[in-house]
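*Asks:* Quick one: the structure is below, and I'll ask about it shortly.
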Amino acid sequence: MSLTLGLTLGLSACQSLPKQPHLPESQALSARVNALYQQEDSPKIEQNTATTTNNTDLVTAITAQNEIHPDLSGYHPIVTGANAFAARSILTGMATRNIDAQYYIWHNDQAGQLLLKDLWEAAERGVIVRLLLDDFNNSAKFDQHLLRFASHPNIAVRIINPLMHRKFSTLNYVTGLPRINRRMHNKSMTFDKQITVIGGRNIGNEYMSNDQSSQFADLDVLLIGKVVADIDNSFASYWSSPLSFDIETLAKFDDDVTPDF
């Protein structure tokens with residue numbers, strides 16, 4: 001009886017959420033994002049072949065439409081998984097200021113790794129990238145990949161309502177079930193605060209028509225106009241939540257893992 005009680009108390013203690021020593025770093029990155037938009041005529045990242053993979057200036061193109069229709073929003077359904085992947089990848093290549101992504105599931109498979117690579121390349125151009133993930137479907141192996149990804153000075157990764165046992169996830173259900181049963185199912189990817197993709201798709205092969213044995217029939221919507229601010233505000237509220245933790249606070253590099261992305 002005493003042994004069982006001791007184990008229960010020990011596991012309960014391990015479920016306590018940690019302090020956040022890395023919080024100033026991600027806060028500083030968010031402050032840089034806010035500074036980009038403090039004035040409507042604030043200068044965007046200089047447009048050249050080093051800062052974008054596309055000849056179209058995303059901010060300028062959409063701002064012109066917003067000025068013509070200031071109180072309206074535009075939308076375009078994205079039906080197929082292939083188009084869903086392409087939309088995210090192409091818009092990532094067009095972004096010049098910042099990208100905010102928020103997902104319930106981001107698989108460590110081909111689709112997930114390719115989109116992380118796209119985001120990394122955007123950060124290399126000077127784009128600020130913030131990635132917010134729910135923790136319900138993550139793994140210790142993916143933690144290592146996210147740590148490498150977050151090592152870029154223009155990238156921050158945060159985990160919402162994290163599971164405290166990173167390598168033995170089953171232990172989280174022993175004492176922490178009431179808290180960890182509350183998950184974030186939001187799915188959005190917003191580019192330069194001008195255009196966003198929302199819908200039912202998480203990030204993974206089965207959502208992007210890249211899995212021969214499993215396909216999900218989901219729908220996304222590409223949005224521009226007034227409604228984008230609502231998505232942006234929703235992201236900001238989750239990003240700044242007390243339950244949102246930097247990946248560096250939750251996980252450390254394994255000894256046999258190279259920190260290079």
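*Asks:* Beyond a 20 Å Cα-Cα separation, which of these cross-linked pairs lie in this structure: K193/K226; K141/K252; K19/K141; K117/K141?
*Replies:* As for pairs spanning more than 20 Å Cα to Cα, those are K19/K141.
*Asks:* Excluding Y238 itself, calculate the net charge of residues whose Cβ lies under 15 Å from the Cβ of Y238, where each Lys or Arg counts +1 and each Asp or Glu counts -1.
*Replies:* Computed value for this residue: -1.
*Asks:* Here's a follow-up. Around S244, which amide H atoms from residues at least 5 apart in sequence, or from another chain, sit under 5 Å from its own amide H, with H modelled in the peptide plane?
*Replies:* Sorted by chain and number, the residues that satisfy this are N161.
*Asks:* With r defined as the distance between the Cβ atoms of K19 and F261 and R0 fixed at 35 Å, what FRET efficiency is calculated, to the nearest 0.05?
*Replies:* Working from the Cβ atoms, E equals 0.85.
*Asks:* Given the C-alpha atoms of segment 100-145, compute the convex hull and give its volume per residue in Å³.
*Replies:* Here the figure is 68 Å³ per residue.
*Asks:* Would you mind checking which residues have amide H under 5 Å from H152's amide H? H placed 1.01 Å from N; only 5 or more apart, or other chain.
*Replies:* Correct list: empty.
*Asks:* Using θ = phi - 60° and the Karplus curve 6.51 cos²θ - 1.76 cosθ + 1.60, what whole-Hz ³J(HN,Hα) does each residue of segment 66-71 get, with Gly and Pro shown as x?
*Replies:* My calculation for segment 66-71 gives 5, 5, 6, 10, x, 10 Hz in order.
*Asks:* At 7 Å along the Cα-to-beta-carbon direction for both N210 and L114, put a label point, then send me their distance in nm to one decimal.
*Replies:* That separation, rounded to one decimal, is 0.4 nm.
Read-outs throughout are calculated quantities, based only on the coordinates presented, and are distinct from any laboratory measurement. What you see is a predicted model, and the numbers here were worked out from it, not measured in a lab. Quick reminder, even Gly has a Cβ in these numbers, built from the backbone with ideal geometry, and neighbours come from all protein chains shown.
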